[in-house]
């Protein structure tokens, strides 16, 4: 079966979530495009190398605030960066230099050595994109236009945030409660792997829980979660 990667000649990208904690990323560029992508990545625990002979002041401020997880190399992309990509140092590379010739060199090196790469100027050459993101703890709402219009992405996110503003904090608190309960069973000897799987399956497939959240009845949803845990605990004890 053959799958088309384009619609009307424009690439389509699959939204995906990645664990970036402790992973090495390469950003080549120090201008506004590089800053935009850096700001989308800094919250997720990645170790970011920035390669650029000069950077804008806003990027310098971000580096100062974030600290040791960002390393600035004040130079152009060169042999040592090619060697790092060849040695699989980076899981992602972002070619966001204002110099497209330099971007082409990054893309060529990354492709040669199997490192997924993003080109902010020529999106059709990219292996991945970073969507516009609205984040409240574990709650993330992202909007992507496959790199066609960042302005539309930002506009839609603002409208979504405005529409959901009264409920976002409630959703956030609800999710945090679920996380706390799931951490409890992960650390408890009372629940074996079967019990943990049963609880997660019950929570994920509970029509009753879905309906309570849909109606913004978070206390009712919490009671359903408590009942699932109690029933699973009883099952383990029998």
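Among 108, 144, 126, the largest mean-square fluctuation in a Gaussian network model of the chain, built with springs joining Cα atoms closer than 10 Å, belongs to 108.
Summary value for region 159-237: 35 percent relative contact order, contacts being C-alpha pairs under 8 angstrom separated by 6+ residues.
Per residue, the chain reaches -16500 deg cm²/dmol at 222 nm when only DSSP H runs of four or more residues are counted, each adding -39500 (n - 2.57).
Given their separation in residues at 0.36 nm each and the Cα-Cα distance between them, residue 101 and residue 227 gain 39.4 nm when the chain is fully extended. Treating r as the C-beta distance of residue 57 and residue 23 and R0 as 30 Å, the FRET efficiency rounds to 0.65. Set against the labelled values [x] 17.7, 53; [y] 19.2, 61; [z] 22.0, 67, Rg and Dmax of the Cα atoms in Å computed from this structure falls on [z]. Region 155-212 and region 23-85 have Cα centres lying 34 Å from one another. Using the Stokes-Einstein relation with a Kirkwood hydrodynamic radius computed over Cα pairs, the translational diffusion coefficient of region 81-161 at 20 °C and a viscosity of 1.002 mPa s comes to 153 µm²/s. Starting from the Kirkwood Rh over alpha-carbon pairs, what translational D in µm² s⁻¹ does region 6-130 have by Stokes-Einstein at 4 °C and 1.567 mPa s? Reported coefficient: 89 µm²/s. For region 140-188, a Kirkwood radius taken over Cα pairs fed into Stokes-Einstein (4 °C, viscosity 1.567 mPa s) yields D = 100 µm²/s. Across every pair of different alpha-carbon atoms, what Kirkwood hydrodynamic radius in Å does region 159-237 reach? It is 13.5 Å.
Taken together, the values in this text are just the output of simple stated rules run on the coordinates, not laboratory data. Given the structure is predicted, the values throughout are model-derived calculations rather than measurements. Heads up, the Cβs are rebuilt from the backbone with ideal geometry, glycines too, and the neighbour counts pull from every protein chain shown.
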